[in-house]
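Asks: Below you will find the structure I want to go over with you.
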Amino acid sequence: FDIEEKKELSFLKSFVVDLSKKKLKIKKLDLNNLHKHISKKDINSFRLSIFNKANSQKWFAKKYYKIFKKYLDIIVGNELAMQSQVNLSIQMPRDKHSVLPMHADSFNGESPFEVVAWLPLVDSYLDKSMFIVPKKYNKKYVSMMAKFSKMGKGGMSKLKKKLKNNIKYISINYNQGLIFSPNYLHGNNENLQRETRWSFNTRFKSLLSPYTSDQHTLGKFYVPITMRQATIEGLTVNLPKDFDN
């Protein structure tokens, strides 16, 4: 979708650019050209420093949510829990260490009721972007996973090769956002383009939909961000004990 909250988006990007320039000790920075200023061996520590600084700002999650709110209300609902941190991905050209293997989040204990809110800070396309397996192919290939997981069958990498013609790269520009279900197989490949990809992502789910693992519960993995008065009343009601009418 095209982002309407352009002021919020611009603020987030300017914050990242200013912080990056300070870290790199340079006066100008085009995020697409980050790889001209830092080596591959230093990129993860650099990424973590930006990630930690961003998530330490009290306003950060609020602005991020505001960008996606209109569509989250439609797709998920208006009582929401949000992942406690917003993730940052930086994928420089030819950096094999930044490859995220094909996966589906719900296979690893995360709630199948969540969605991912994905925000590029630069135009992203082909292998500078992420890929996803469309719904019409996903069920078929998920059903084949057990076969490929057997000893000597090649695992997920072999399955990915089999479906290579059915994966879809997301072409998305800065000023656009993406909401997708992480129940579908997705990931990224080595970035063979000449530009660096920057993107944020985090997860949202309906506050009262099931939490499916001890590691991904409210208060650990998720925090409540919108709660209606009826829900507050229901969660805090004091019921009488041993009341004899």
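The values are calculated or read from the model by the stated rules, or taken from the named source; none is laboratory data. No experiment lies behind these values; they were computed from the predicted model shown. Counting neighbours? That spans all protein chains shown, and the Cβs are built from the backbone with ideal geometry, glycine included. The accessibility values were calculated without ligands, DNA or RNA, using every heavy atom of the protein model including side chains. Shrake-Rupley method; radii C 1.70, N 1.55, O 1.52, S 1.80 Å.
Asks: Residue by residue through segment 104-114, which ³J(HN,Hα) values in whole Hz follow from phi under the Karplus form 6.51 cos²θ - 1.76 cosθ + 1.60 (θ = phi - 60°), with glycine and proline marked x?
Replies: 9, 4, 5, 6, 10, x, 7, 5, x, 8, 8
Asks: A further question on this structure: Loop-only trypsin sites (Lys or Arg not before Pro) in segment 51-100, please: DSSP not H, G, I, E or B, and at most 14 other Cβ atoms within 10 Å.
Replies: Lys58, Arg94
Asks: Could you give the nm distance between label points at Lys162 and Leu24, where each point is 7 Å from its Cα heading toward the beta carbon?
Replies: 4.2
Asks: If Lys and Arg each add +1 and Asp and Glu each add -1, what is the summed charge of the other residues whose beta carbon sits under 14 Å from the beta carbon of Ile67?
Replies: +3
Asks: Accessible area of segment 203-242 with a 1.4 Å probe: how many percent of it is carbon plus sulfur?
Replies: 56
Asks: With springs connecting C-alpha atoms under 10 Å apart, model the chain as a Gaussian network and identify which of Val142, Val99, Val17 has the largest mean-square fluctuation.
Replies: Val142
Asks: Let me ask you something else. Answer with a single label: of [x] 29, 25, 15; [y] 33, 27, 16; [z] 25, 23, 16, which was calculated as semi-axes √(5λ) of the Cα gyration tensor in Å from the structure in view?
Replies: [y]
Asks: Let me ask you something else. Would you compute, from DSSP H runs of 4+ residues alone, the mean residue ellipticity of the chain at 222 nm, taking -39500 (n - 2.57) per run and dividing by the full residue count, rounded to the nearest 500?
Replies: After summing the helix terms and dividing by residue count, I get -9500 deg cm²/dmol.
Asks: Measure off, as a whole percent, the carbon and sulfur share of the 1.4 Å-probe accessible area of segment 9-135, all protein chains present.
Replies: 53
Asks: Once phi is turned into θ = phi - 60°, what whole-Hz ³J(HN,Hα) does the Karplus curve with 6.51, -1.76 and 1.60 give for every residue of segment 190-195, x standing for Gly and Pro?
Replies: Taking θ as phi minus 60°, the curve returns 4, 6, 9, 7, 9, 10 Hz for segment 190-195.
Asks: Can you tell me the relative contact order of segment 1-158? Whole percent, Cα pairs under 8 Å, sequence separation 6 or more.
Replies: Relative CO of segment 1-158 lands at 22 percent.
Asks: Counting only heavy atoms of protein chains, what accessible area per residue, in Å², does segment 1-91 have with a probe of 1.4 Å?
Replies: Per residue, segment 1-91 has 57 Å² of solvent-accessible surface.
Asks: Across segment 2-18, in residue order, what do the Karplus-derived ³J(HN,Hα) couplings come to in whole Hz, using 6.51 cos²θ - 1.76 cosθ + 1.60 with θ = phi - 60° and x for Gly and Pro?
Replies: 3J(HN,Hα) across segment 2-18, in whole Hz: 7, 6, 8, 7, 5, 5, 5, 4, 4, 5, 4, 5, 4, 4, 5, 5, 5.
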